[in-house]
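A short worksheet on the structure shown next.
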Amino acid sequence: MSKQNMILRPVAEPQVIENAFTEDQHRRLLNVVREAGPYAPILAQHFSSPEEVVASLAGQLPEGVKPSWDMFLTPVFRGYLAKGHTVLHPEIEDCFFNQKFLDLVRGYWGAEYARPENMLFNLQGPCRGGDAAHIDAARFRGISMHTTPVWLMNIMVKSGLFNRWKAKKAQVISWYYKGKIGGGFTYWPDGPQAAPKQIKAPMWGRAVVVENEMMYHTAEATGPSALRHPKGLAFHSKLQADPQSDGWQITTDADVIQQIPAEEMRFLIHWGADIFMDYEELKVSLDHSDDLTHEQVFDIFLADLRARGERFEVPTDPIKDATFVDLLTRVYDPGKPLFYPPEPVEPSLAA
Ligand SMILES: [Fe+2]
């Protein structure tokens, strides 16, 4: 088994639970989400051009093909319920400062301490499968999204060279989806070169305790395939609650381009926590006595590349040096997982 396959594995087997939130908590979460829209597509929140999306993918487009939003845009919308340890809606405070979830993630890690960090949600009606699989953005002591590009932090994770500084995290991801086609969660707990596992829908309060920074995962295609790419879907489309029903609607400018009944909506709630194995680890995180610097990051990479026998020119500005970035990707990125589950079966097509 390759080294990369050993690195990209969660600290423990993901743990599936039922009834993640109480009925009352779920009702309040849904109320807050219905009242606080509209929401933008995830893609629109993270990229400003189709070229930027291409740059973040492993494979390049064939020569002469101009990237367009259509190639990547999916009707998955995102909003936030808590950021930076702060809940944005007091009426769901108990969902965020959640003793049950804290017990679960401490148990998952075998850690003494945990602290709720963020809470967000994805909403999607019929939708094609997610990306080819991804890991969530990691953070290191001294190195965060505020100072460092996401691709570099991803390569740092994939190299396994920076574990001493990696911020330990865990998530509880919950789903509420009554649809009959797809909508599950696909994950590779044994590494990208081993077979994936799936948590299948329909699911109502099913959740997984997981370390998504260290495990490839993605969403399964959801709903009838004919409805997965609504006509008129655009970068600036929005999703909001339909004021006339318990369903939802996607709008582009003033036009409603798709109505989504409540039973076809897949509601995912992502709760994330910081983990500290013991008091010593908490202290080092708070007093910054063992933070990484960019110089250290590149010194460690250079030493490892030399030890592997790679021949290269030492870049003057490594973060911006395309040749050096390509070298890091070639050496440390294991690429897409080897095995994928089959597409979900549609009853009408299978008949
Ligand atoms: Fe993710």
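Results for (1) under 26 Å from Pro50 (Cβ atoms); (2) part of a helix (DSSP H, G or I), shown as yes or no for each residue.
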| position | (1), (2) |
| --- | --- |
| Phe77 | yes, no |
| Leu81 | no, no |
| Ile92 | no, yes |
| Leu102 | no, yes |
| Glu117 | no, no |
| Ala132 | yes, no |
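Meeting the requirement of 2 or more residues that are aliphatic (A, V, I, L, M) and under 26 Å from the mean Cα position of the chain (by Cα), the strands (runs of 3 or more DSSP E) wholly within segment 224-265 are 238-241. From the list Lys158, Lys166, the one residue that fits, being away from the ligand (no atom under 16 Å from the Cβ) and among the basic types (Lys, Arg), is Lys166. Restricting segment 138-150 to residues that are within 16 Å of the ligand (Cβ to nearest atom) and crowded, with 16+ Cβ neighbours inside 10 Å leaves a set whose member that is modelled with the lowest pLDDT is Ala138.
The set of residues in segment 194-219 that are in a strand (DSSP E or B), within 16 Å of the ligand (Cβ to nearest atom) and modelled with pLDDT of 95 or more comprises Lys197, Gln198, Ile199, Ala207, Val208, Val209, Val210.
Residues being part of a loop (DSSP other than H, G, I, E, B) and not charged (D, E, K, R): count how many of those fall in segment 134-153.
Within segment 134-153, residues that are part of a loop (DSSP other than H, G, I, E, B) and not charged (D, E, K, R) number 10.
In segment 108-135, what residues are within 12 Å of the ligand (Cβ to nearest atom), of a type outside the set (Gly, Ala, Ser) and buried (at least 18 other Cβ atoms within 10 Å of the Cβ)? Hits for segment 108-135 are Asn122, Ile135. Contact annotation: residue pairs with Cβ atoms under 8 Å, 6 or more positions apart or on different chains, pairing a residue in segment 1-14 that is more than 17 Å from Asp333 (Cβ to Cβ) with a partner that is assigned to a helix (DSSP H, G or I) and modelled with pLDDT of 85 or more, are Val11/Tyr108; Val11/Trp109; Ala12/Tyr108; Ala12/Trp109.
Out of all the residues in segment 84-137, which are in contact with a Pro (Cβ under 9 Å, 6 or more places away or on another chain) and among the polar types (S, T, N, Q)? Scanning segment 84-137 gives Asn98, Gln124.
The values are calculated or read from the model by the stated rules, or taken from the named source; none is laboratory data. Computed from a predicted structure; not experimentally measured. Don't worry about glycine lacking a Cβ; one is built from the backbone with ideal geometry, like all the others, and counts go over all protein chains shown.
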